[in-house]
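The values are calculated or read from the model by the stated rules, or taken from the named source; none is laboratory data. For clarity, every value in this text was computed on a predicted model and none was experimentally measured. Cβ: placed from backbone, ideal geometry, glycine included. Neighbour counts: every protein chain shown.
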Amino acid sequence: MPDTARFSAIVRLPFGPMGVICDERTVHELVFLPPGTPERAPANALAARTVAALAHWIDDPDAPHDLPLAVRGTPFQRRVWAAIDAIPRGRTRRYGELAAELGSAPRAVGGACGANPFPLLTPCHRVVGSQGLGGFARDTDGYLIRVKQWLLQHEAAPHG
């Protein structure tokens, strides 16, 4: 079980628990947590707002959010994340396609996906391998791949 003391909230979503790391003004990270991780009530107003935004995302993956997200990542990672943000719900892009578009390599795009601090909000699950799902959140099997499968199936369903 991971050390959960650093989380401002832990919410149980249909695919599993997600941790929120924030202070009173900025969301710093969202983290997929292993099955069985206990929930934690929001420690502050922004953590509560973030939990509500995640629940709203489950109801409508197209809904915008107004969460104050910390500026994170290298310039290259931010370019990859912007390209990911442009992938419409229910669609996927291959690592190689994004790499060609960004003048990079598929492995570098995969690394940027794995470093994404705001999964769901920047939907890195929409990036897949040329021969299947590819990895997810720096993992290639186990519960994180099941999360990626759930997210893609969820987004393919009608919402709104």
Given the options Pro68, Pro117, Pro61, Pro75, name the one that is under 14 Å from the mean Cα position of the chain (by Cα), at pLDDT 95 or above and either loosely packed, with under 14 Cβ neighbours inside 10 Å or not polar (S, T, N, Q) (or both). Pro117
From the set of residues in the range 73-100 that are in contact (Cβ under 8 Å) with a residue 24 or more places away in the chain and among the small types (Gly, Ala, Ser), which is farthest from Ala157 (Cα to Cα)? Gly73
For the range 129-155, how many residues are assigned to a loop (DSSP other than H, G, I, E, B) and in contact with a helix residue (DSSP H, G or I) (Cβ under 9 Å, 6 or more places away or on another chain)? 6
Give all pairs with beta carbons closer than 6 Å in which a residue from the range 101-123 that is of a type in the set (Phe, Trp, Tyr) meets a residue that is buried (at least 17 other Cβ atoms within 10 Å of the Cβ); count only pairs at least 6 apart in sequence or on separate chains. Phe118/Leu30; Phe118/Leu69
Collect the residues in the range 123-144 that are at pLDDT 90 or above and in contact with a strand residue (DSSP E or B) (Cβ under 9 Å, 6 or more places away or on another chain), keeping them in residue-number order. Cys124, His125, Arg126, Val127, Val128
